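Below: one structure, written as structure tokens.
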Amino acid sequence: MAKYVDGFVLVVPEGKADDYKKMAEDGRDTWMKHGALEYYECRGDDLIPKETGGDKNRSFTEMAGAASGDTVWFSFIVFKSKEHRDEVNAKVMEDMSQQMEKYEAMSMPFEMKQMAYGGFQVEVEG
């Protein structure tokens, strides 16, 4: 059975990057506790598109609608399979719902409308 990945692209204002990183660390701990194989939160660093054969690639910054002062994050969680992802995510959601009061006063460090999410079947692995 091939691995499965949940992927996210989101925009975090520069001033909220530390808040987002703290939230991401809590997320990592929760997903790993419930069986995720790997967890990555990647802050954009080299996002200026290069020309390839006369064409200019679209940047993550443009694609995500990030403004000056925003950072783009690419995040992903690796699972054994789609079924494993569904099992782990169900446990994570249950865990998070039990901890809601812990996060009630926290403001979201990014705009949900600028987040993209999807599940991906791994086709080539190295």
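Read the figures in this text as sums done on the coordinates, not as results from a lab. What you are looking at is a predicted structure, and each value in this text was computed from that prediction instead of being measured. Cβ placement follows ideal geometry from the backbone for every residue including glycine, while neighbour counts extend to all protein chains displayed.
Here are the numbers for this structure:
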| item | result |
| --- | --- |
| Taking the convex hull of Cα positions in the chain, its mean projected area over all directions (nm²) | 9.3 nm² |
| Among ASP55, ASP70, ASP29: highest mean-square fluctuation, GNM of the chain, C-alpha pairs under 10 Å | ASP55 |
| Paramagnetic reach from ALA116 in the range 61-100 [backbone N under 17 Å; point 7 Å along Cα→Cβ] | 61-67, 71-77 |
| Signed unit charges on C-beta, dipole axis of the range 86-126, positive-most listed residue MET100, GLY119, ASN89 | MET100 |
| Calculated FRET efficiency for the pair LEU47/MET96, C-beta based, R₀ 30 Å, to 0.05 | 0.50 |
| Residues GLU104 and PHE76, FRET efficiency given R0 of 35 Å [Cβ-Cβ distance, rounded to 0.05] | 0.80 |
| Cα centroid separation, the range 61-107 to the range 2-53 (Å) | 9 Å |
| Residues in the range 51-78 reached by a label modelled at TYR40 [backbone nitrogen below 11 Å; 7 Å Cα→Cβ] | 74-78 |
| Length-normalised contact order of the chain in % [C-alpha pairs under 8 Å, at least 6 apart] | 50 percent |
